[in-house]
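Below is one structure; the comments refer to it alone.
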Amino acid sequence: MGINKRILIFNVNWMGDVLFSTPAIRNIRRNYPDSFIACVIPSRCYPVLKGNPNLDEIIIYDEKDRHKGLLAKLNFVQLLRSKQFDIVFLLHQSFSRALKCRLAGIPERVGYQTKKRSFLLTCKIPPAKKDSMHRIDYYLNILEEAGLKVEDRYLEFFVAEEDMKFVEDFLNKQGVKNEDFLIALNPGGNWMPKRWPPEYWAKLADKLIREFSAKVIVTGGHQDLTLAGKIKEMMHEKPLIATGIFNVKQLGALAKQVNVFITADTGPLHIANAVGAEKIIALFGPTSVEITGPFPLKNVAILQKDVGCKVPCYVVHCPDNRCMKAITPEDVADQVRKIQSHKAK
C-alpha cells in the first residue's frame, strides 16, 4: 500500500464523530506513508483536526452555509477536480457527497453501499447494521473491507504550546495554584436530552467546593453562557466561569491540566479523553457507551442508570429526561471520593 497516491477523506459532520474518525485517518496514513492526504470537514470541526500530522491539507465544506447554493457546490466540485485525487474514502453515507466525488473525477471511490449511491462507488462496502458497532469501528471497517491494514483505534487531538500557555495564564490570573484540586464541569451539549439538569450541576459544584475544597471551573462555548450563568445563580459557592473564554484547542489544554473533568456524552468528553485527561466522569443517559462511549476507558468512570428506556434513544423531545435525572449529584460526588481515596494511597 506504500505507493504514492493523492488521497481524499470525506469526513462526517459533528465534532465527536470527527474525533472518532481520527483512528481511521491515522491508519490510512500508515497504509500510505508517502502519499498526499487531504480531509474534507465543515468549518465548525476544523479545530478537531488542526495540527493533525497525518493530514497534508484540510478542505472546508459547509453544506448549509457557504456551499449552500448550486453555484457554490459546483465550484467545490471543481476545486476537488483541480486537486486530482486518485482515491476518496467516504466516511459519510451521504448520496450527495459520493456524487460530488464522482463529478470531480476521482477514479476510486470507497464507502458504504446504499441503494441510492451504489452506482457512484467503485469499492462498495456492505453497510454495517445501525448501532451494531462503535463509531470508531464503523469508520475503521471501511478501511478493513477495502483491504487496508488497521493496527489500532485510539483517538488523537493535538494541542499546541500556545494553547497550554493560554490556559495556564488564565488559571494563574484566577488564583489557581498547582496544588489545588481542580475540577472542570462541562454542562453544555448540542443535544438537549443528553444534558444534565442545571440545578444538578449547581448542587454538585457546591458539594465539590465544600467537601473537597476543590476549585471548580465551568467550561463551554459562547452558546453556553446563559446556562453557565443559570448554574452560578443557583450556587451558594463561587465557581470559576470560563464559558466562552476557551476555544476548542484550549479546552483540550484545560482538560490536560485539571484533576477531574466531568461531562455528559458530548464532543468535549472525547477531547478530554484524547488528550489523556487525568480522570473523567462521564454522564450517559439516552446514548450508548458501546456506540459513542469514550475509548480507551482506563481514566474514565461512566455513570448511567437503567430507567427502563431503550438505549440508544433518539427521542429528541423527551417529556421528562428521566435517564439523565436518575444520575444524582451524590452519585457524581461519590466518584470524586473514589478518585481522591485512590490518589491518597
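Quick notes on this one:
- Segment 1-147, Cα convex hull volume normalised per residue, Å³: 104 Å³
- Calculated from backbone phi, Karplus (6.51, -1.76, 1.60) coupling profile of segment 254-267 in Hz, x at Gly/Pro: 4, 4, 6, 9, 7, 7, 9, 10, 10, 7, 8, 7, 8, x
- Dipole magnitude of segment 187-345 about its Cα centre (Cβ charges: Lys, Arg +1; Asp, Glu -1), debye to nearest 20: 340 debye
- Among 279-288, 118-127, the peptide with the highest mean count of other Cβ atoms within 10 Å heads the list, and the full ranking is 279-288, 118-127.
- Isotropically averaged projected area of segment 12-93, using the convex hull of Cα atoms (one quarter of hull area), nm²: 5.5 nm²
- Assuming charge only on the beta carbon of Lys and Arg (+1) and of Asp and Glu (-1), the dipole of the chain about its Cα centre is about 920 debye to the nearest 20.
- Considering only the Cα atoms of segment 234-331, their convex hull presents on average a projected area of 7.6 nm².
- Value of Rg to Rh for the chain, rounded to two decimals, is 1.00; Kirkwood radius and Rg both from alpha-carbon coordinates.
- Flagged links, alpha-carbon separation over 26 Å, of Lys83/Lys115; Lys232/Lys279; Lys215/Lys256; Lys165/Lys215: Lys83/Lys115
- Taking N as its residue count, the alpha carbon Rg of segment 70-161 over 2.2 N^0.38 Å: 1.22
- Residue-averaged 222 nm ellipticity for the chain, from DSSP H runs of 4+ at -39500 (n - 2.57), nearest 500: -11000 deg cm²/dmol
- In terms of the mean number of neighbouring beta-carbon atoms within 10 Å, the peptides 48-57, 302-311, 96-105 order highest first as 96-105, 48-57, 302-311.
- Largest accessible area first, the residues Glu233, Glu144, Glu290 order themselves as Glu233, Glu290, Glu144 under a 1.4 Å probe with ligands, DNA and RNA left out.
- Net charge, Val307 excluded, C-beta distance under 15 Å - Lys, Arg +1, Asp, Glu -1: +2
- Rounded D (µm²/s) - segment 157-311, Kirkwood Rh over Cα pairs, Stokes-Einstein at 20 °C, 1.002 mPa s: 136 µm²/s
- Of all aspartates and glutamates in the structure, the ones whose alpha carbon falls short of 18 Å from that of Lys173, not counting any fewer than 8 places away in one chain, are Glu162, Asp163.
- Contact order normalised by residue count of the chain, Cα under 8 Å, 6+ apart, percent: 14 percent
- Amide proton proximity set for Phe295, modelled H, under 5 Å, gap of 5+: none
- Its residues counted as N, segment 121-204 yields a C-alpha radius of gyration over 2.2 N^0.38 Å of 1.76.
- Packing-based ranking, highest mean first, of 160-173, 322-335, 66-79, 211-224 given that Cβ atoms within 10 Å are counted: 211-224, 322-335, 160-173, 66-79
- Entries in Lys249/Lys305; Lys64/Lys100; Lys177/Lys305 that, when Cα-Cα distance is taken, lie over 26 Å: Lys249/Lys305; Lys177/Lys305
The values are calculated or read from the model by the stated rules, or taken from the named source; none is laboratory data. Since we're looking at a predicted model, the values are computed, not measured. Every residue, glycine among them, receives a Cβ derived from its backbone with ideal geometry; neighbour counts consider all protein chains shown. With ligands, DNA and RNA removed, areas are computed over all heavy atoms of the protein, side chains included. Shrake-Rupley method; radii C 1.70, N 1.55, O 1.52, S 1.80 Å.
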